[in-house]
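The values are calculated or read from the model by the stated rules, or taken from the named source; none is laboratory data. Just so we're clear, the structure is a prediction, and the values are computed from it rather than from any experiment. Cβ atoms come from the backbone with ideal geometry, glycine included; neighbour counts cover every protein chain shown.
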């Protein structure tokens, strides 16, 4: 989505209110079929950390918009969770037919390494642990590699656990219980995170409806989780308690919001809102929106915390963080995404103030008598 008639790629600096970034990097390697973009939102608290998404974007501008929005979401996510990382993201424009996936990923590894540690990459939609291993052949600035390469592995189970806790928070706010027995949840997208989430919801006794373009995966989830199914084009019309988007982003727009018959949105997908105004549209329709970059923090937290107890405690804490946002939004009569954004921006400003203060201390000259000595 561009905010003027001028294409974003030629009008970028004029649109930083909508697509903020600190720096932006492009890499073109025709020999390896690689066309990639890395966006860094901020590095105040530490190096920018964010996944590498591979997707067959229709245009460079679409890829650019996605990576800028994703990088901002990672910046907010790291700030909300008070982690020693900044926000960044990368996208690879997926070729129609990948001739040599290993060579493509190794070229991307050289791209990441060229930034000298300002950006750390990880798994995202369209990439796997094996891809991270191949990237690691050419850079140390990568995570989510396999256990054989002493990595953290697939973050999906931890992302799913965070989404589960977020669904519990939404249920507590709306229905005054965090028990999910009998709660009807529609899960859109049955990839790694969607599948792990279904297992947790099934174990908790939720009533499940699933939707995905892959009919084989849908059939498998129907059989394994006693779920109903709905065609992708009808998924927004299902009457349910919780709608959980776990596929691609920007699915909440004027058209889909009009169709929704749910009490809450709580899912793993990044950038679920077409733009910030859609949060207010959901509020006016009395649909509780669970800010995506908070509820899907589990994967980032897994990278940040090697101790399992600390990791589980941080993921569990998302429940109270989200409940606090829900109650604050209710008190201020504001959309939940606006409350979350204000929190994240305040924390980022605080980081900048601390960094500025530290630099000023470092710049203070030594006393004259000490210099003379």
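Residue 121: in contact (Cβ under 8 Å) with a residue 24 or more places away in the chain, buried (at least 20 other Cβ atoms within 10 Å of the Cβ) and assigned to a loop (DSSP other than H, G, I, E, B), yes or no?
Values: in contact (Cβ under 8 Å) with a residue 24 or more places away in the chain: yes; buried (at least 20 other Cβ atoms within 10 Å of the Cβ): yes; assigned to a loop (DSSP other than H, G, I, E, B): no.
Answer is no for this residue.
For region 134-156, give me the residue count where each residue is touching a residue at least 60 places away in the same chain (Cβ under 8 Å) and farther than 16 Å from residue 115 by Cα.
In the first step, residues of region 134-156 are kept if they are touching a residue at least 60 places away in the same chain (Cβ under 8 Å); the result is 135, 141, 143-144, 152, 155-156.
Pick out the ones that are also farther than 16 Å from residue 115 by Cα and you get 144, 152, 155-156.
Residues flagged as touching a residue at least 60 places away in the same chain (Cβ under 8 Å) and farther than 16 Å from residue 115 by Cα within region 134-156 amount to 4.
Go through (1) touching a helix residue (DSSP H, G or I) at 6+ places or on another chain (Cβ under 8 Å); (2) surrounded by fewer than 19 Cβ atoms within 10 Å (Cβ to Cβ); (3) at pLDDT below 95 and name the single condition residue 361 misses.
(1)
Considering region 254-276 alone, what residues qualify as being on the phi < 0 side of the Ramachandran plot and out of contact with any strand residue (DSSP E or B) (no Cβ under 8 Å at 6 or more places or on another chain)? Even if it seems obvious, please write down each step before you answer.
We begin by selecting, within region 254-276, every residue on the phi < 0 side of the Ramachandran plot; these are 254-270, 272-276.
Residues satisfying the conditions are 254, 255, 256, 257, 258, 259, 270, 275, 276.
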